[in-house]
Amino acid sequence: MTRRYFVFLAFTLCAGASCSTPPAAPPEKAPDENAAIEALEAVNQAQQDFIRRTRRYALTYDELVRDYLLKEKPTSETTGYDVILKPSPDAVSYTIIATPRSDAEKFRHFFTDKTGVIRAETGRAATAESPEM
């Protein structure tokens with residue numbers, strides 16, 4: 001009798017949401033150029049504050065967040081962009097590129113570095129030679 005109860009209970013639980021197909025992944029955020037620009041500006045400011053404190057640039061977003069210079073790491077979930085920090089090996093400079101996660105040919109791509117100047121190109125990767133915003 002007890003075994004039948006457990007089988008019934010297991011069947012009842014599986015009939016609910018726990019054994020159904022996994023939930024669909026949340027839809028990917030469309031590229032938000034304003035959010036990407038704000039993220040680049042925030043990282044540039046955080047890097048300027050970091051170098052004043054440590055005499056080098058941060059190598060990771062985690063360093064900036066840990067030192068309370070950046071609220072959070074820029075993510076594709078919040079910006080619709082992959083925002084990649086590329087520090088130099090000696091930490092005397094850095095670059096950041098922001099690439100749209102979808103429709104890359106329609107949206108602007110961004111580039112910035114220790115100068116704080118944000119540069120943009122539509123439909124292709126931005127570089128240090130791209131036009132300033």
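The values are calculated or read from the model by the stated rules, or taken from the named source; none is laboratory data. On a predicted model such as this, the values are computed, not experimentally measured, just so you know. Here the Cβ is made from the backbone with ideal geometry for all residues, glycine too, and neighbour counts use every protein chain on show.
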Ala126 vs (1) part of a strand (DSSP E or B); (2) under 12 Å from Leu40 (Cβ atoms): all pass except (1)
Selection status of Asn34, surrounded by 15 or more Cβ atoms within 10 Å (Cβ to Cβ) and out of contact with any helix residue (DSSP H, G or I) (no Cβ under 6 Å at 6 or more places or on another chain): no
Quick one: would you say Pro131 is touching a Leu at 6+ places or on another chain (Cβ under 8 Å) and at negative phi? no
Within the range 98-107, track down each residue that is over 15 Å from Thr75 (Cβ atoms), surrounded by fewer than 21 Cβ atoms within 10 Å (Cβ to Cβ) and of a type outside the set (Gly, Ala, Ser). Asp103, Glu105, Lys106
List pairs: first in the range 43-68 and in contact (Cβ under 8 Å) with a residue 12 or more places away in the chain, second acidic (Asp, Glu) and assigned to a helix (DSSP H, G or I), Cβ under 9 Å, 6+ apart or cross-chain? Phe50/Glu63; Leu64/Asp49; Asp67/Asp49
Which one is surrounded by the most Cβ atoms within 10 Å (Cβ to Cβ) among residues in the range 58-89 that are of a type in the set (Val, Ile, Thr) and not in a helix (DSSP H, G or I)? Val83
Matching residues in the range 100-123 (in contact (Cβ under 8 Å) with a residue 24 or more places away in the chain, outside any loop (DSSP other than H, G, I, E, B) and among the charged types (D, E, K, R)) number 1
Within the range 1-56, the count of residues that are at pLDDT below 95 and either within 20 Å of Asp103 (Cβ to Cβ) or of a type in the set (A, V, I, L, M, F, W, C) (or both) comes to 21
Take Leu69 and tell me if it is among the hydrophobic types (A, V, I, L, M, F, W, C) and either touching a Gly at 6+ places or on another chain (Cβ under 8 Å) or under 20 Å from Phe111 (Cα atoms) (or both). no
